[in-house]
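Here's the structure we're looking at; comments come further down.
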Amino acid sequence: MKTKVLSAAAFAAIVGIAVLWAGDEKTPPAEEGKAQTVCPVMGGKIDRSLFVDVEGKRIFVCCKGCIPEIEKDPAGWVKKIEEKGILLEKAPAPEEKAAPKSLGGKGGCSGGTCKRF
């Protein structure tokens with residue numbers, strides 16, 4: 001009888017610990033997806049130096065040969081990738097060319113007329 005009680009108590013403790021342990025695991029929010037590690041075209045490991053930027057998102061590929069395939073239907077590839085739960089990295093904003101600085105009357109252009117040329 002004593003053995004049955006101890007066995008039952010041990011079993012209850014193990015189950016209780018398992019339930020508490022399982023409750024500690026954090027489920028990632030829906031907006032968090034997996035990072036891209038596989039080329040969507042060929043299925044190989046991505047080369048982070050090869051990519052196509054689409055709608056502010058960056059699609060990495062495994063080789064230069066996959067880039068034209070992505071460029072044929074970029075929005076379609078974004079959709080396929082994201083449907084698999086993969087979160088694409090944000091593409092950097094395109095650099096804007098800086099406006100030419102005025103030399104402000106020091107032999108440069110002023111008032112729309114250039115004195116140097």
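Things to note:
- For segment 34-90: rounded, prolate or oblate by the Cα gyration tensor [a/c cutoff 1.5]: rounded
- Spacing of the two label points (7 Å from each Cα toward its C-beta) at LYS72 and ARG48, in nm: 2.9 nm
Quick note: the coordinates plus some simple rules give every number you see, no bench work behind them. Treat the numbers as computed from the prediction; the structure is a model and nothing was measured. With ideal geometry, Cβ positions are generated from the backbone for all residues, glycine too; neighbour counts draw on all protein chains shown.
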